[in-house]
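Below you'll find the structure, written out as structure tokens, and then a few comments.
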Amino acid sequence: MRVVVLENAEAVAQFAADFIVRQVNGKPNSVLGLATGSTPLGTYRKLIEAYQAGRVSFKSVTTFNLDEYYGLEPTHEQSYRRFMCESLFNHIDIDLAKTHVPLGSTLDVERETASYEQAIRGVGGIDLQLLGIGTDGHIAFNEPGSSLASRTRLKTLTRRTRQDNARFFGTIDGVPKMAITMGIGTIMESRELLLLACGEGKAEAIARSFEGPISSICPASVLQWHRQAIVVLDKGAARGLSQLEYYADCEANLKEVAKV
Ligand code: F6R
């Protein structure tokens, strides 16, 4: 696991955007896994800038989002489909037919979740999955206690997650109680994982996930078991980590080697 600690949220966004641009330029038909929420917004803004500057094209890229609120139509103001269109898709040259977000308003959850898995398999799997982390340690909407082998399915949100997301819906009661989410097993099959976290509010979840035991009670801890996982943090989110000096040494040495 590579832990990269940067000065602030802006630097985290720049790192993630540069990483994604390199991925897409190296493999124009990349399959990207995308996340919603506040954390990736800066990254998406920088991807739009890179596209506008002619540094990248998303014409042949396929995307799969992690999750969608259950019961929301794709056109709902707070749906993740709408979030993705407004924050990224509408501003780049991606083919909307190649973008996938689970259908929260589905009347047949079994079919929707099975076909989501099938669609990911059908394009050969996800090359690079972008992740945020919940204050309770969730990744996508895999809440504490989720099976580390879980697949895309319907999941109940914790009250803490609903409280955290109440800012978008006005009150906690407005936040849907369930979501369709990629499973942890699904996420772990991505060839590379890039988890971003900013702010002290994430510090405890980060420390538990990356310097604590692997446990379903802290779902993000499963990244310790992935061969290509990069955790990119600002100083606030990194505050609870005990091995900061070592992580900095690793980054410095990587840069040295890259120069040779
Ligand atoms: C969103 C998602 C969630 C968020 C997490 C952090 O697609 O999968 O796991 O990444 O809840 O949300 P923010 O970034 O709003 O703090």
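Across region 151-200, which residue is farthest from the ligand (Cβ to nearest atom) among those that are small (G, A, S) and touching a Ser or Thr at 6+ places or on another chain (Cβ under 6 Å)?
G185
For region 166-187, give me the residue count where each residue is within 18 Å of the chain's Cα centre (by Cα) and crowded, with 20+ Cβ neighbours inside 10 Å.
Residues meeting the conditions: 8.
Filter region 188-247 for residues that are without any contact (Cβ under 8 Å) to a residue 12 or more places away in the chain and not in a loop (DSSP other than H, G, I, E, B); which is least open to solvent (accessible area, probe 1.4 Å)?
S215
For T135, which of the numbered conditions (1) in contact with a strand residue (DSSP E or B) (Cβ under 8 Å, 6 or more places away or on another chain); (2) hydroxyl-bearing (S, T, Y); (3) outside any helix (DSSP H, G or I) fails to hold?
(1)
Would you say G124 is open to solvent by 40 Å² or more (accessible area, probe 1.4 Å) and touching a residue at least 12 places away in the same chain (Cβ under 8 Å)?
Considered against the rule, which asks whether it is open to solvent by 40 Å² or more (accessible area, probe 1.4 Å) and touching a residue at least 12 places away in the same chain (Cβ under 8 Å), G124 comes out as yes.
Assess whether F141 counts as being under 27 Å from L32 (Cβ atoms), open to solvent by 60 Å² or more (accessible area, probe 1.4 Å) and within 13 Å of the ligand (Cβ to nearest atom).
It is false that F141 is under 27 Å from L32 (Cβ atoms), open to solvent by 60 Å² or more (accessible area, probe 1.4 Å) and within 13 Å of the ligand (Cβ to nearest atom).
Looking at region 97-104, can you tell me whether even one residue there is open to solvent by 20 Å² or more (accessible area, probe 1.4 Å), more than 16 Å from the ligand (Cβ to nearest atom) and assigned to a loop (DSSP other than H, G, I, E, B)?
Within region 97-104, not a single residue is open to solvent by 20 Å² or more (accessible area, probe 1.4 Å), more than 16 Å from the ligand (Cβ to nearest atom) and assigned to a loop (DSSP other than H, G, I, E, B).
Check whether at least one residue in region 62-71 is open to solvent by 20 Å² or more (accessible area, probe 1.4 Å) and in contact with a strand residue (DSSP E or B) (Cβ under 7 Å, 6 or more places away or on another chain), and report yes or no.
Yes: region 62-71 contains one or more residues that are open to solvent by 20 Å² or more (accessible area, probe 1.4 Å) and in contact with a strand residue (DSSP E or B) (Cβ under 7 Å, 6 or more places away or on another chain).
Taking region 31-59 on its own, how many of its residues are surrounded by 19 or more Cβ atoms within 10 Å (Cβ to Cβ), assigned to a loop (DSSP other than H, G, I, E, B) and touching a helix residue (DSSP H, G or I) at 6+ places or on another chain (Cβ under 7 Å)?
3
Testing A149 on (1) in a loop (DSSP other than H, G, I, E, B); (2) small (G, A, S); (3) open to solvent by less than 60 Å² (accessible area, probe 1.4 Å), one condition comes back false. Which one is that?
(3) is the only condition that A149 fails.
Exactly one condition in (1) more than 16 Å from the ligand (Cβ to nearest atom); (2) in a loop (DSSP other than H, G, I, E, B) is not met by I126; state its number.
(1) is the only condition that I126 fails.
The values are calculated or read from the model by the stated rules, or taken from the named source; none is laboratory data. Note that the coordinates shown come from a computational prediction; the quantities given were computed from them, not determined experimentally. All Cβ positions, even for glycine, are placed from backbone atoms using ideal geometry, and neighbour counts span all protein chains on display. Keep in mind that these areas ignore ligands, DNA and RNA; they rest on the heavy atoms of the full protein, side chains included. Shrake-Rupley method; radii C 1.70, N 1.55, O 1.52, S 1.80 Å.
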